[in-house]
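Have a look at the structure below before the remarks.
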Amino acid sequence: MTDWVDGRYAIHKRGRLWRLTITPAEADWWTPESASQLSEEHTEIAAILDGSKQLPTSELFEQAGSKDPYRVHAAITALSRVADSWRPDEINQRSPENRVTSLLALKSASNIHNLGRTVAIDPHDWVPTFLSDHSATVRFEALRWICDASFDDYLPQVDAILDDPSTNFELFEAAIACKNSLTGKPEIGLRDAAALLARVRDS
């Protein structure tokens, strides 16, 4: 389990990883049989995740909207395997929710640490598309991608979001945090007094 510890968006290095262990002798609900058996649902999710079960793209998008984070992860991973066939005009026709899912699948496919990937995606072919999306939720995830990957060549676009009067509060916060990370000040997070005052004084 993870514990972020501090509520700031910045990379503050105070987070922790915790391990929960079970003592079978003291757990009256635990049996050797239950330990080795996977539920039908778990088996299905594992099959989607490793690619042994193929689902239509439309169904994967539907599963990516599940409340079960494991099913969501499996669906996005499965979508990342076919993401190299997508085109921007095709993605633009999808719903905002499915455009976010598309972004996450492309991000997964482009991640060099994704050892199980079967396709290679160049993020710079896609980030501008998502960054100019009319949905604030999609642009929020694009900022997260830029921040996670340290794409500092997108700083002008991040500044443009900060200067845009139509930017909503959540997107503004994400842009401030993203800019501080890209400029080598991730520990500041949202607490950038100079940048915030500059916006407050902007007519």
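The values are calculated or read from the model by the stated rules, or taken from the named source; none is laboratory data. The model shown is predicted, which means the values in this text are computed figures rather than measured ones. Heads up, the Cβs are rebuilt from the backbone with ideal geometry, glycines too, and the neighbour counts pull from every protein chain shown. Areas reflect the complete protein model, heavy atoms only, side chains present, ligands, DNA and RNA absent. Shrake-Rupley method; radii C 1.70, N 1.55, O 1.52, S 1.80 Å.
Report the Rg/Rh value for region 92-203, based on alpha-carbon coordinates and the Kirkwood definition of Rh. Numbers along the way, then the final one.
Working: Rg = 14.6 Å, Rh = 14.7 Å.
Rg/Rh for region 92-203 comes to 1.00.
Simple point charges give the picture: +1 on the Cβ of Lys and Arg, -1 on the Cβ of Asp and Glu, and for the chain a dipole about the Cα centre of about 540 debye.
A dipole drawn for the chain from +1 and -1 charges on Cβ atoms has a positive end, and of ILE91, ASN180, ALA194 the residue lying farthest that way is ALA194.
What relative contact order, as a whole-number percentage, does region 18-161 give when Cα pairs under 8 Å and 6 or more residues apart are counted?
Details: 117 pairs, mean separation 21.7, N = 144.
This gives 15 percent for region 18-161.
Label positions at MET1 and ASN111, each projected 7 Å from the Cα along the C-beta direction, are separated by 2.3 nm. Taking the longest Cα principal axis of the chain as reference, the axis of helix 40-50 is set at about 50 degrees. Each distinct pair of alpha carbons in region 151-203 adds a 1/r term; the inverse of their mean, the Kirkwood radius, is 11.2 Å.
Accessible area per residue for region 1-109 is 69 Å², calculated with a 1.4 Å probe on protein heavy atoms, without ligands, DNA or RNA. Over region 22-107, Cα pairs under 8 Å with separation of 6+ residues give a relative contact order of 23 percent. Dividing the Cα radius of gyration of region 61-111 by its Kirkwood radius returns 0.95 for Rg/Rh.
Across region 82-90, coupling constants 3J(HN,Hα) worked out from phi with the 6.51/-1.76/1.60 Karplus curve, θ = phi - 60°, read 10, 5, 6, 8, 7, 10, x, 5, 5 Hz, and Gly and Pro carry x.
Ignoring ligands, DNA and RNA, how do VAL72, VAL200, VAL127 rank by accessible area with a 1.4 Å probe, largest first? Numbers along the way, then the final one.
Numbers: VAL72 30, VAL200 115, VAL127 0 Å².
The ranking, largest first, comes out as VAL200, VAL72, VAL127.
Once semi-axes √(5λ) of the Cα gyration tensor in Å is calculated for the structure shown, the corresponding label among (1) 27, 20, 17; (2) 35, 25, 14; (3) 30, 22, 15 turns out to be (2). Indicate the gyration tensor shape class of region 34-154 (rounded, prolate or oblate), computed on the Cα atoms with a ≥ b ≥ c the square roots of the eigenvalues: a/c under 1.5 is rounded; otherwise a/b larger than b/c is prolate and the rest oblate. Judged from the Cα gyration tensor, region 34-154 comes out prolate (a/c at least 1.5, a/b above b/c). Straight-line reach from LYS179: taking Cα to Cα under 24 Å and skipping same-chain neighbours fewer than 8 places apart, the lysines in range are LYS13, LYS107.
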